[in-house]
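This report refers to the structure that appears directly beneath it.
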Amino acid sequence: MERGPVVALVAHDAKKDDLLRLVEEHLPLFAGFHLLATGTTGTLLARELGLPIERMAGGPEGGDLQIGARIAQGEVDALIFLRDPLTAHPHEPDIQALVKVCDVHEVAVATNLASARALLLHLDRRHGQMRLVHPSAQNG
């Protein structure tokens, strides 16, 4: 059986409840994904929703960079990163690097609920019909 898309999940503290509700609303879809998440976000989603989630370090401890490395290696199909634009974050350079690596490697990224829902609509239409192919996989 072919695995579903690999989707990375990240949320700033003020957006964790929003991400939890988003995943809960689309639970059957998320159950078909291989999920990666930063530490606290992954722990919350696994505990509340019972989903298997591969957890990285927390964002401030380098979890954003760990996910970025997986993106650069062609191992992630999409990123949902619910950002809190109204709060200063001491690890802002890591956050910018994560979004940049998505741009460089042409990985779909959603940074708010509206774009996350649009991305999920795309993944729902593609899941089961056609595996997303990371651009780097096409060069080999």
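Among all residue pairs at least 6 apart or on different chains, which show Cβ distances below 6 Å where the first residue, located in segment 99-124, is touching a residue at least 12 places away in the same chain (Cβ under 8 Å) and over 20 Å from ALA11 (Cβ atoms) and the second is crowded, with 20+ Cβ neighbours inside 10 Å and not charged (D, E, K, R)? Note: pairs meeting the criteria are HIS105/ILE71. In summary, GLY74 fulfils each of the numbered conditions (1) open to solvent by 60 Å² or more (accessible area, probe 1.4 Å); (2) part of a loop (DSSP other than H, G, I, E, B); (3) touching a residue at least 24 places away in the same chain (Cβ under 8 Å); (4) out of contact with any strand residue (DSSP E or B) (no Cβ under 9 Å at 6 or more places or on another chain) with the single exception of condition (1). Taking segment 1-44 as the range and being more than 14 Å from the chain's Cα centre (by Cα) and basic (Lys, Arg) as the test, the residues that pass are ARG3, ARG21.
Scanning segment 1-60 for residues being open to solvent by 60 Å² or more (accessible area, probe 1.4 Å), in a loop (DSSP other than H, G, I, E, B) and either among the β-branched types (Val, Ile, Thr) or in contact with a Phe, Trp or Tyr (Cβ under 9 Å, 6 or more places away or on another chain) (or both) gives a total of 1.
Applying the condition of being assigned to a loop (DSSP other than H, G, I, E, B) and within 16 Å of ASP64 (Cα to Cα) to segment 89-114 and asking which residue is most open to solvent (accessible area, probe 1.4 Å) yields PRO90.
Every condition in (1) within 12 Å of the chain's Cα centre (by Cα); (2) modelled with pLDDT of 95 or more is met by ARG47 except one, and the failing one is (1). Count of segment 7-39 residues, restricted to those that are closer than 18 Å to GLY58 by Cβ, of a type in the set (Lys, Arg) and without any contact (Cβ under 8 Å) to a residue 24 or more places away in the chain, is 0.
The values are calculated or read from the model by the stated rules, or taken from the named source; none is laboratory data. It should be emphasised that the depicted structure is a prediction, and the values quoted were computed from it without experimental measurement. Glycine also receives a Cβ, built like all others from the backbone with ideal geometry; neighbour counts cover every protein chain displayed. Protein only, heavy atoms only, side chains kept; ligands, DNA and RNA dropped before computing areas. Shrake-Rupley method; radii C 1.70, N 1.55, O 1.52, S 1.80 Å.
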